[in-house]
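First comes the structure, then the notes that go with it.
The values are calculated or read from the model by the stated rules, or taken from the named source; none is laboratory data. It should be emphasised that the depicted structure is a prediction, and the values quoted were computed from it without experimental measurement. Glycine gets a Cβ as well: all are built from the backbone with ideal geometry, and neighbour counts include every protein chain shown.
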There are 4 protein chains.
Amino acid sequence: MSASEGEPTLSASVVGASGFTGGELLRLLAGHPDFEIAQATSRSKANKTIGHVHPNLRGLDLRFSSPEDLESVDVLFAATPHGVSMEHIDAFQDAADTVIDLSADFRLDSEAQYDAWYDGHSRPELLADAEYALPELNRENLAGADLIASGGCNATATILGLLPLFENDVLSGDEQIVVDVKVGSSEGGAGGGEASSHPERSGVVRPYAPTGHRHEAEIEQFLGVDVSFTVHAVEMIRGASATIHVFPEEPVSKGDLWGAYRGSYEEEPFVRMVAGGGGVYRYPEPKAVAGSNYAEVGFELDPGNKRVVVFSAIDNMMKGSAGQAVHAANIALGLEETAGLDFAGMHPVGSP
Amino acid sequence: MSASEGEPTLSASVVGASGFTGGELLRLLAGHPDFEIAQATSRSKANKTIGHVHPNLRGLDLRFSSPEDLESVDVLFAATPHGVSMEHIDAFQDAADTVIDLSADFRLDSEAQYDAWYDGHSRPELLADAEYALPELNRENLAGADLIASGGCNATATILGLLPLFENDVLSGDEQIVVDVKVGSSEGGAGGGEASSHPERSGVVRPYAPTGHRHEAEIEQFLGVDVSFTVHAVEMIRGASATIHVFPEEPVSKGDLWGAYRGSYEEEPFVRMVAGGGGVYRYPEPKAVAGSNYAEVGFELDPGNKRVVVFSAIDNMMKGSAGQAVHAANIALGLEETAGLDFAGMHPVGSP
Amino acid sequence: MSASEGEPTLSASVVGASGFTGGELLRLLAGHPDFEIAQATSRSKANKTIGHVHPNLRGLDLRFSSPEDLESVDVLFAATPHGVSMEHIDAFQDAADTVIDLSADFRLDSEAQYDAWYDGHSRPELLADAEYALPELNRENLAGADLIASGGCNATATILGLLPLFENDVLSGDEQIVVDVKVGSSEGGAGGGEASSHPERSGVVRPYAPTGHRHEAEIEQFLGVDVSFTVHAVEMIRGASATIHVFPEEPVSKGDLWGAYRGSYEEEPFVRMVAGGGGVYRYPEPKAVAGSNYAEVGFELDPGNKRVVVFSAIDNMMKGSAGQAVHAANIALGLEETAGLDFAGMHPVGSP
Amino acid sequence: MSASEGEPTLSASVVGASGFTGGELLRLLAGHPDFEIAQATSRSKANKTIGHVHPNLRGLDLRFSSPEDLESVDVLFAATPHGVSMEHIDAFQDAADTVIDLSADFRLDSEAQYDAWYDGHSRPELLADAEYALPELNRENLAGADLIASGGCNATATILGLLPLFENDVLSGDEQIVVDVKVGSSEGGAGGGEASSHPERSGVVRPYAPTGHRHEAEIEQFLGVDVSFTVHAVEMIRGASATIHVFPEEPVSKGDLWGAYRGSYEEEPFVRMVAGGGGVYRYPEPKAVAGSNYAEVGFELDPGNKRVVVFSAIDNMMKGSAGQAVHAANIALGLEETAGLDFAGMHPVGSP
């Protein structure tokens, strides 16, 4: 299979391309050296130009097509609402050997788990076969995978913050873990109701999921621990920032923590360690990664409370969705791992 | 002493009136039925009109005066930076029988506590005499008090969220308490450095005080417990929102919690209970109280994690500073408790 | 009729009270010394508390009632969408001797004018009788008026900016006039579609009505001139700011302009002149009047281009709607003109 | 000279690299196929990492160096404040055969013009030799140029909006032209004073340069006309949006206008025509181009007022500064014109 040079040699389609994550997939694929976009489907926007919906892509010479007529491609990205992919998975797999699903449909391992958090799965037999897309967690299983489930954005931020503490035995799994997440309005998707209208949504610090957010399921599945999870909507468009309060049983030093995080992430192309130092941006921040596939992870010690505070920041539509999906696709198809994901983000940028 | 009718009969001055909380004090005093503003001092803005700095008060026929020449008044509000009031407290008390200080100088009870969090107090003998302004915590000691310390905004939000749980024995004091606060940019005051510049500060979710925020001292002094306290800067101007994660040892029901909060706050004129229900605004939110002296307090149960999540939202410059100060002054001077504090807030409003 | 003292003596109802301007009317009436709220109607929210929709009014002990059963009151405010008042005007006038309509239904003088800008009026015979609410333009006709039409927000800002130039013969009416207006998202009302969703509406500078905005009709009716009118949506919730470029035929000095504006507005309680000077807020700004009934008006000279640039800023929901309506009601009913309208606005405040 | 393939073959330095446009230059050069960054100078940040100041570039292994020790490079970009480049131009030209200056120092053609708008030029003999960087205006003179002046952001937006009307004789130059510009806070640079602090700057519609903005000089120099120019600060970080009101003497149709704009821009890689159509984004908007080098240009007809309203939107730091500079460098050095400038922008994005 081709490395990232010369003309694109793989064809890719995006199903559900008029949504926000669908638009990000199109942006990434249009700039990807190895992919050519075959189809971008949207039931409601069929025949309109991509730029009609995604103004940043007004220069793209492509129109939405109907989801009924899927061409055969090398890879198909499904960016449809939860519950849609499981209904159309056969058509997706008929169209492409590699299917990357960005919904929650294939993230959990078992029907029992799915039923505990969602409402009945129509294709439970596929759950065990799907691979979770997050490379930092699951890289070794992605090469050659044919069904990949891109992680939930809040789960991704949380898992990236906690993973090194478990991988390096700072936490045993029995400790109290409080996760306080702040997310932007794009997490609600392109539809939006009254709560998403600009006058009502602007400037909020709004308890969005005080308890019981479904992304807890992914965290518990992959880390094997219960977390006390609360999500707030705050004033930004894109971004998910997890502040994780943990209480290790054994005393831990900053050096221990640096060791743990470096041990897990030193070789990771899309994880940046940010912990203290001077300047304005001393800890992970969504602003610093907006538009990019980078995650920032950092921490601070609170010895008086025997606490470690971990910060983890991503762009929910990139590392938390479309970027993670393309990253996984690159690995699955044997491409350069970072291909098409080199945008660094901007400084300064507003509500990211 | 007069109740709130007819012409103003009490004179009030604001020292440090060109700052943000100084401006809010002027707004409140200008609309207060019992107070007449005698002086608004500012070293840097002396002789300029109030409206030069506070554009909402362009209609006020008053100029800043020098802080050197304090007239004798009934009540003096000091809205100066930390450390200034302790240096000038004699002059303040010479000028007024009732002094309300909005800095941290007189919030803590003892020199030992002060030194643990701040840098040396020049008048420690006054610490024990000063009364903490928060009426919900300390109303019975405010009547007739001559030195009153308005609480810190983050401490105020946190104390209001936790107080009923201690007053009504939901918590014993031995439990883990995690407080995750989100604050607006006015908390940094009117000066502002590089981190407060609009391009750098806009749209952030920024760990502002990951650990060790000084308001912990007030919380621990008044509630007698240690809290794991983290403060984030988010995109708003005014507002402090505390999300408090607690883990009661005994199971607790929603009814128990309603009982506790109603027990503590039913008679409080400036605390609103908001917990669940439908609509867009289901929990406490800074937007809902911007510009007003109201606090909103609510909660949600997380039985799976044996957790209660408490939400507490205030306007940091009102209930968290200038409004709390005027409220305390009303009580200290025997006025109608709510006088001058009747603004309800607006809907909709942007970044509050 | 009572002056503004003691207990409220007049009853008022708000029809269409769940919308944004309806909510502002409720806020103003709840704090008004002479009015008691009788009914707040909303078809979709009937029986819900006011605070369910307007969180700033959670303390108000009142529920929405059905618009079918209007009680007899002293004054009825109609805050319904365009076209509704003309259908229900008989019921409104049966219920109240004084009706203040906040829609466009009764702003224009003739059926011909109405038809030129809107789609057919069902009660054209009432157009000539209705009085335009803007006191700076029409105070002498408001006392005792029984049908009053509150002006459009963009028209109000523009008229307030231009009026002194015509009243004081700086302009003759033959000159080129370019009006470039910037408005907040509340102008779109509480419903909102895709363009009003937070991700799409945030941070825009969006040509909202490049040409042909209906408020041109009011400007042309009251000032007797054509204006080149363009409206942009910008990032704020409340606020309308008109920048008006005019080219007087005769040279004009700053002194002439100050004379003109002072001549028109010196006695006006809700118009502030702001033109130059130092500090941060040198010209009219929506932030400076957010939540208040004040208009700010100012100007700058551009001698090289023989141009005067006029700036006019209001809160679209206050001076541009609910505040203007209450102001007109005060005059119509012989009350203190400023009663219930004394909120000064806040500093600082975010996207107002 | 190399086309855009394989390893970078040209060295580039950025002087003044800690400012906002300096940071954008670093971002673009780091992702440019033909350039390798040699030095990024900053007097105040020397020896700190690039990521210390520009958090999006935390992954870049580079530190600021002192501006005293310039290495010999192929191209030097100067992103220093106005007045600095003219003092150091000899050192810049000693270091590099091609110098691209992003300040106003070399934008104007003559000392007389410079003195009319700025304060005395120390190297006026160089003014006639410098080339203006905007390719749409001056492409034919950029190849091989050794001193290039990147245009002012507001001038760039305005020139791009007006140029086709002059090139295609829709305007003769005698007509009234009103330009109403809205800009983001990054235009004020990385320093920022009180007016740029977040609480004071957020949510404004603030007359920033009511008259007399220096970018008028560039517009008048290149288009040969006087414009009535007013600049407002609005709530965004990056972006400049010009609304241009023109009044052609001869009637003009939409077809004429499309013809004119297509005639000028059909072949331009970085100009997009956006005029009407459906959807949310019907006209040029800064949000649609944030982070990218694209300009969007569109228009609407107002036959009643014999007016054409032109809209032109750019990212002030990209097409209005760093992007324009790299584009010009590509042309000057014979590289692929679009090299390093392929980022499409994001959707959705907040205050851009």
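For this structure, a couple of remarks:
Here's the yes/no breakdown for (1) within 15 Å of D:LEU134 (Cα to Cα); (2) free of Cβ contacts under 8 Å to residues at least 12 places away in the same chain; (3) among the aliphatic types (A, V, I, L, M):
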{"position": "D:TYR294", "(1), (2), (3)": "yes, no, no"}
{"position": "D:GLY298", "(1), (2), (3)": "no, no, no"}
{"position": "D:ARG307", "(1), (2), (3)": "no, no, no"}
{"position": "D:PHE311", "(1), (2), (3)": "no, no, no"}
{"position": "D:ILE314", "(1), (2), (3)": "yes, no, yes"}
{"position": "D:HIS327", "(1), (2), (3)": "yes, no, no"}
{"position": "D:ILE331", "(1), (2), (3)": "yes, no, yes"}
{"position": "D:GLY334", "(1), (2), (3)": "no, no, no"}
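- First in segment D:42-53 and among the β-branched types (Val, Ile, Thr), second anywhere and surrounded by fewer than 20 Cβ atoms within 10 Å (Cβ to Cβ) and at pLDDT below 95, Cβ under 7 Å, 6 or more apart: D:VAL53/A:GLY279
- Qualifying residue in segment B:168-177 (condition: surrounded by fewer than 22 Cβ atoms within 10 Å (Cβ to Cβ), at pLDDT 95 or above and assigned to a helix (DSSP H, G or I)): no
- Of all residues in segment C:217-227, those that are within 14 Å of chain D (Cβ to nearest Cβ) and crowded, with 23+ Cβ neighbours inside 10 Å total 1.
- Verdict on D:ALA242 being under 12 Å from D:VAL181 (Cβ atoms) and hydrophobic (A, V, I, L, M, F, W, C): yes
- So B:VAL310, is it among the β-branched types (Val, Ile, Thr) and either in the same structural domain as B:ILE100 (by TED's automatic domain parsing) or closer than 30 Å to A:VAL227 by Cβ (or both): yes
- Sole residue being surrounded by 15 or more Cβ atoms within 10 Å (Cβ to Cβ), of a type in the set (A, V, I, L, M, F, W, C) and in contact with a strand residue (DSSP E or B) (Cβ under 6 Å, 6 or more places away or on another chain), chosen from D:LEU134, D:LEU76, D:LEU127: D:LEU76
- C:PHE92 falls short on exactly one of the conditions (1) away from chain B (no Cβ under 13 Å); (2) aromatic (Phe, Trp, Tyr); (3) within 23 Å of C:ASN316 (Cα to Cα), and that condition is (3).
- Here is the figure for segment A:285-341: residues that are buried (at least 24 other Cβ atoms within 10 Å of the Cβ) and acidic (Asp, Glu) total 3.
- Counting only strands (runs of 3 or more DSSP E) that fall entirely inside segment A:200-246 and contain at least 1 residues that are over 30 Å from C:VAL204 (Cβ atoms) and β-branched (Val, Ile, Thr), the qualifying elements are A:228-234, A:240-246.
- Scanning segment D:126-159 for residues that are within 17 Å of D:ARG214 (Cα to Cα) and within 15 Å of the chain's Cα centre (by Cα) turns up D:TYR132, D:ALA149, D:SER150, D:GLY151, D:GLY152, D:CYS153, D:ASN154, D:ALA155, D:THR156, D:ALA157, D:THR158, D:ILE159.
- Filter pass, C:ALA96 being surrounded by 21 or more Cβ atoms within 10 Å (Cβ to Cβ), more than 17 Å from C:HIS215 (Cβ to Cβ), modelled with pLDDT of 95 or more and under 21 Å from the mean Cα position of the chain (by Cα): no
- Unmet requirement for B:VAL178, which otherwise passes all of (1) without any contact (Cβ under 8 Å) to a residue 60 or more places away in the chain; (2) more than 18 Å from the chain's Cα centre (by Cα): (1)
- Enumeration of residues in segment A:192-209 that are touching a Lys or Arg at 6+ places or on another chain (Cβ under 6 Å) and either more than 7 Å from every other protein chain (Cβ to nearest Cβ) or within 19 Å of D:VAL280 (Cα to Cα) (or both): A:HIS198
- Filtering D:GLY151, D:GLY255, D:GLY161 for residues that are out of contact with any helix residue (DSSP H, G or I) (no Cβ under 7 Å at 6 or more places or on another chain), at pLDDT 95 or above, more than 10 Å from chain C (Cβ to nearest Cβ) and crowded, with 24+ Cβ neighbours inside 10 Å leaves a single hit, D:GLY161.
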